[in-house]
Amino acid sequence: MNFTERDRAVEAAVARGLVGPGEPVAGLLDIAGIRRSAAELRAAFEEFTAPGTPVLHAFAVKAASLVPVLRLLAQEGLGCEVASPGELALARAAGVPVGRTVLDSPAKTLAELREALALGIAVNADNPEELARIDALMASAPSSAPIGVRVNPQIGGGSIGAMSTATDTSKFGVGLRDEGARDWVVQAFLARPWLTRLHAHVGSQGMPLELMAAGVRALYDLAEEINEKAGRRQIDTLDIGGGLPVNFSSDATTPTYREYAALLHATVPGLLSGRYGIVTEFGRSLLAKHGTVLARVEYAKSAGGRPIAVTHAGAQVATRTVFVPEAWPLRVAAYDAEGRPKTGAPVAQDIAGPCCFAGDLVAENRPLPLLESGDHAALLDTGAYYFSTHFAYNSLPRPGVYGYATDADGTVRFATVRTPQTLEDLTEESGGAHAKSLGDLGKQ
Ligand SMILES: *Cc1c(COP(=O)(O)O)cnc(C)c1O
């Protein structure tokens with residue numbers, strides 16, 4: 001049998017007890033793979049961008065909100081795109097410089113805006129009311145932070161409604177095709193010499209590359225129009241967002257960053273010509289292929305004639321897959337009790353999680369070697385938005401997350417990214433310190 005690096009890592013994780021009876025689920029991250037993806041991203045844009053063009057690849061923190069991962073990516077030359085005070089705190093804890101941090105969020109508070117401007121963090125205003133807040137802050141304490149406006153080119157959605165941010169009624173940015181909106185954006189820039197960026201992120205997963213490129217084209221055309229009317233290069237940077245889709249059906253990485261950069265180069269020739277600095281905000285495509293959820297099979301049973309493997313990975317780590325399985329299918333790999341790839345004829349079976357609701361299945365009727373109690377189920381391609389985005393249903397603890405790398409001699413080394421949440425932590429975050437607080441409240 002041909003063992004992959006992931007197979008070796010699974011076997012080593014079981015042998016070292018990272019997953020076992022006491023810790024029945026964990027997240028594993030292929031660190032060399034993450035470094036490779038970061039390098040591919042940089043190389044793709046370097047190849048198509050005029051020499052000397054400033055390019056910042058700001059990793060979308062929500063895709064893997066883990067401090068050591070943000071620091072690893074920073075070492076590999078990336079910054080961070082943050083969308084909440086929590087994400088900003090993680091980026092800062094990872095040592096990401098403020099100059100390599102971009103703040104996007106549709107609901108920034110006044111305090112958040114004030115802090116970002118004071119720190120010099122790039123801010124993309126989502127809507128006219130937010131821009132008015134920034135006006136007031138700039139009047140009282142002028143900031144040299146790069147400030148932009150997020151627009152929605154309204155070029156249409158992809159295959160997953162919840163991920164499509166460029167529909168007519170998307171909640172994000174200023175809808176450019178709404179009546180009067182484009183003129184409003186142009187005038188907003190002409191009236192504010194400190195507005196220097198335009199931002200669009202037209203969708204995540206499920207967007208065809210051509211549609212993404214059409215969104216960037218609209219962004220570029222608007223920037224050219226504004227600069228023309230301003231009579232100077234007022235807009236100096238275009239933030240083109242992230243959204244490169246990930247292939248969840250095999251080990252192949254497709255599409256690639258290079259394909260996307262080449263398409264942008266062909267569709268929007270001026271974009272990478274050095275006329276503008278570039279910011280990107282990729283998330284899923286940097287991490288997804290490099291993560292695995294590894295879970296013990298607690299019981300094997302059957303119902304209505306169908307075998308069911310009851311595992312410890314369900315909605316708490318694979319929330320989207322469990323709730324919207326047709327949009328977020330995951331591959332599952334079967335491993336035996338020692339963490340070796342399981343062989344045997346495929347049998348259609350359900351892979352269930354530990355949560356107390358009937359729909360807690362990560363795969364239904366999936367042909368796999370029959371899983372037995374003590375075996376392991378691995379959810380593949382889960383490095384982004386899965387175990388880093390815990391769902392606290394049933395008070396299931398956040399699992400441990402471990403980075404791995406394989407030495408030349410095949411030895412697998414692990415490093416802790418996040419320790420498993422303890423029951424003490426869990427009780428504490430569930431109001432444990434206030435156990436008696438309701439004692440007299442509301443008593444007559
Ligand atoms: C979520 C998000 C991203 C990242 O999207 P991916 O599909 O993970 O690449 C980038 N920018 C913004 C504004 C986002 O909301």
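If I go through the stretch 97-111 residue by residue, how many of them are open to solvent by less than 50 Å² (accessible area, probe 1.4 Å) and either among the β-branched types (Val, Ile, Thr) or touching a Ser or Thr at 6+ places or on another chain (Cβ under 8 Å) (or both)?
Filtering the stretch 97-111 for residues open to solvent by less than 50 Å² (accessible area, probe 1.4 Å) gives 98, 101-105, 108.
From the residues that got through so far, the ones that are either among the β-branched types (Val, Ile, Thr) or touching a Ser or Thr at 6+ places or on another chain (Cβ under 8 Å) (or both) too are 98, 101-102, 105.
So the count comes out to 4.
Set side by side, the residues Arg150, Arg114, Arg177, Arg133 differ, and just one is within 14 Å of the ligand (Cβ to nearest atom) and open to solvent by 20 Å² or more (accessible area, probe 1.4 Å), which is Arg150.
The condition of being touching a Lys or Arg at 6+ places or on another chain (Cβ under 6 Å), of a type in the set (A, V, I, L, M), away from the ligand (no atom under 16 Å from the Cβ) and not in a loop (DSSP other than H, G, I, E, B) holds for only one of Ala334, Ala295, that being Ala334.
Check Glu5, Glu46 and return the single one that is without any contact (Cβ under 8 Å) to a residue 12 or more places away in the chain and more than 16 Å from the ligand (Cβ to nearest atom).
Exactly one of Glu5, Glu46 is without any contact (Cβ under 8 Å) to a residue 12 or more places away in the chain and more than 16 Å from the ligand (Cβ to nearest atom), namely Glu46.
Residues checked against (1) out of contact with any helix residue (DSSP H, G or I) (no Cβ under 8 Å at 6 or more places or on another chain); (2) within 19 Å of Ile147 (Cα to Cα); (3) of a type outside the set (Gly, Ala, Ser):
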{"position": "Ser204", "(1), (2), (3)": "no, no, no"}
{"position": "Arg217", "(1), (2), (3)": "no, no, yes"}
{"position": "Glu225", "(1), (2), (3)": "no, yes, yes"}
{"position": "Gly242", "(1), (2), (3)": "no, yes, no"}
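Sort out which residues of the stretch 53-68 are within 11 Å of the ligand (Cβ to nearest atom) and open to solvent by 20 Å² or more (accessible area, probe 1.4 Å), and write them in order of number. Scanning the stretch 53-68 gives a single hit, Lys62. All told, Ala94 falls short of being farther than 26 Å from Trp328 by Cβ and open to solvent by 30 Å² or more (accessible area, probe 1.4 Å). Inside the stretch 360-393, residues that are open to solvent by 40 Å² or more (accessible area, probe 1.4 Å) and free of Cβ contacts under 8 Å to residues at least 40 places away in the same chain make up a count of 3. Do we find that Arg192 is within 15 Å of the ligand (Cβ to nearest atom) and at pLDDT 95 or above in this structure? When the stated conditions are applied, Arg192 does not pass them.
In the stretch 282-296, the residues that are under 24 Å from Ala309 (Cβ atoms) reach residues that are open to solvent by less than 10 Å² (accessible area, probe 1.4 Å) and within 8 Å of the ligand (Cβ to nearest atom) with C-beta atoms within less than 6 angstrom, at least six apart or across chains, in these pairs: Ala288/Ala384. Restricting the stretch 117-130 to residues that are assigned to a helix (DSSP H, G or I) and more than 16 Å from the ligand (Cβ to nearest atom), the residue that is surrounded by the fewest Cβ atoms within 10 Å (Cβ to Cβ) is Glu129.
The values are calculated or read from the model by the stated rules, or taken from the named source; none is laboratory data. Please read all numbers here as calculations on a predicted model, not as lab measurements. All Cβ positions, even for glycine, are placed from backbone atoms using ideal geometry, and neighbour counts span all protein chains on display. Areas reflect the complete protein model, heavy atoms only, side chains present, ligands, DNA and RNA absent. Shrake-Rupley method; radii C 1.70, N 1.55, O 1.52, S 1.80 Å.
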